[in-house]
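Trainee: Please find one structure pasted underneath; my questions will follow.
Here, each number is a calculation from the coordinates, and none is a lab measurement. These numbers were taken from a predicted model, which means no experiment stands behind them. Here the Cβ positions follow ideal geometry from the backbone for every residue, glycine too, while neighbour counts run over all protein chains shown.
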Amino acid sequence: MRIVSFNANGLRSAANKGFFDWFAGHDADILCVQETKAQEHQLSGEAFRPPGYHVAFRDATTKKGYSGVAIYSRREPDELRTALGWAPFDDEGRYLEARFGNLSVVSFYIPSGSSGEIRQGFKFEMMDWLRPILDTWLASGRDYVLCGDWNIVRARNDIRNWSSNQKNSGCLPPERAWLNGMIGDACGDGSPQPQVGSGWVDTFRALKPDAIEYTWWSNRGAARANDVGWRLDYQLCTPSLAERLSGCSILREPRFSDHAPYTVDYRDVDARG
């Protein structure tokens, strides 16, 4: 099974840059999109509906053209879930879950706090609320893959300018402690972590423990050309899937967005039906 996670920063914009032409040749079983920045009726054309895929959207209802997530899948999901029970988060279109038997694939768009104190406060509130939900999923016995833009780096190898960003949203110590506190590996920043095998698995670090690769670059200056990036996009999976990881890649070029698509291959997991 091949899963792609991609923050499109506007799905119409990414489509115009050739994203779906690339996707058609990528042999993906599931695509999780974040920041569709559109309402579903604006994505009804053939350009956004590749043949052979079912598609589901969760749009923002509080502000049109904002946020939004989607899941494309070769197999029709047995069930779709679009809300976690907290309106300030749900209504911004930040969560969509597709269930295929015992497998859940989630498209997440975790808030950024970079616009100022109000949104950073919302991000911290969301983190406190979401943590027990993720703990419940981890202990549920279901296989989960959590895809998306988490707007948090984990450690020094996940950001080009580590020292100068310690006071910036996405690299704040409490944010990193929250994320690393759920992931069971030794690739974090020294924050307390679960024992290996008992926490969420960072698929990239499981497959490439020492690699330095990024998934997002600022549009300012020549950040992408100079590889001044951040690794903000993840696929976190339950330990039950850890031994089935077979490969991963970050597609830095061609450029469809300020984020790069992140692809993971899982052995012996079937979402085709």
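Trainee: List the relative contact order of segment 94-150 as a percent without decimals, with contacts defined as Cα pairs under 8 Å and 6+ residues apart. Working shown, then result.
Mentor: Details: 67 pairs, mean separation 24.6, N = 57.
It comes to 43 percent, rounded to a whole number.
Trainee: Something else: Would you calculate the separation in nanometres between label points at GLU40 and SER191, each defined as 7 Å from the Cα along the Cα-to-beta-carbon direction?
Mentor: 3.4
Trainee: For segment 159-273, report the convex hull volume of the alpha-carbon atoms normalised per residue, in Å³, without decimals.
Mentor: Values: hull volume 14.0 nm³, N = 115.
Output value, Cα hull per residue: 122 Å³.
Trainee: Could you list, bin by bin from short to long, the percent of Cα-Cα pairs of the chain in 10 Å steps?
Mentor: Bin by bin from 0 Å, the calculated values are 7, 32, 40, 20, 2.
Trainee: Whole angstrom only: what separates the Cα centroid of segment 188-203 from the Cα centroid of segment 1-55?
Mentor: So the two Cα centres are separated by 31 Å.
Trainee: For segment 235-273 and segment 67-83, what is the separation of their Cα centres, given in Å?
Mentor: Centre-to-centre distance over Cα atoms comes out at 17 Å.
Trainee: Per residue of segment 146-163, what does 6.51 cos²θ - 1.76 cosθ + 1.60 with θ = phi - 60° give for ³J(HN,Hα)? Whole Hz please, x for Gly and Pro, Karplus curve as stated.
Mentor: Karplus-based 3J(HN,Hα) across segment 146-163 equals 9, 9, x, 8, 8, 6, 8, 8, 9, 7, 4, 6, 9, 8, 5, 9, 5, 5 Hz.
Trainee: What percent does the relative contact order of the chain come to when contacts are Cα pairs within less than 8 Å and at least six residues apart? List each step's numbers first, then the result.
Mentor: Numbers: 605 pairs, mean separation 54.6, N = 273.
The value is 20 percent.
Trainee: Now for a separate question. If amide hydrogens are placed 1.01 Å from N in the peptide plane, which non-local residues have theirs closer than 5 Å to the one on GLY148?
Mentor: Distant-sequence amide H within range of GLY148: PHE108, TYR234.
Trainee: Turning to a different aspect of this structure: For the ranges 10-16, 256-262, 209-215, what's the packing order if you count other beta-carbon atoms within 10 Å of each residue, average per peptide, and put the highest first?
Mentor: Working: 10-16: 18.9, 256-262: 23.7, 209-215: 15.9.
Descending packing order for the listed peptides: 256-262, 10-16, 209-215.
Trainee: Bin width 5 Å, alpha-carbon pairs only: give the P(r) of segment 134-186 as whole percents, running from 0 to the bin holding the largest distance.
Mentor: For segment 134-186, the binned pair fractions read 4, 17, 25, 22, 15, 9, 5, 2, 0 percent.
Trainee: Counting only pairs 8 or more residues apart or on different chains, how many lysine pairs in the chain have their Cα atoms under 17 Å apart?
Mentor: Working: LYS17/LYS37; LYS37/LYS63; LYS37/LYS64; LYS123/LYS167.
Lysine pairs, 8 or more places apart or on different chains, close enough: 4.
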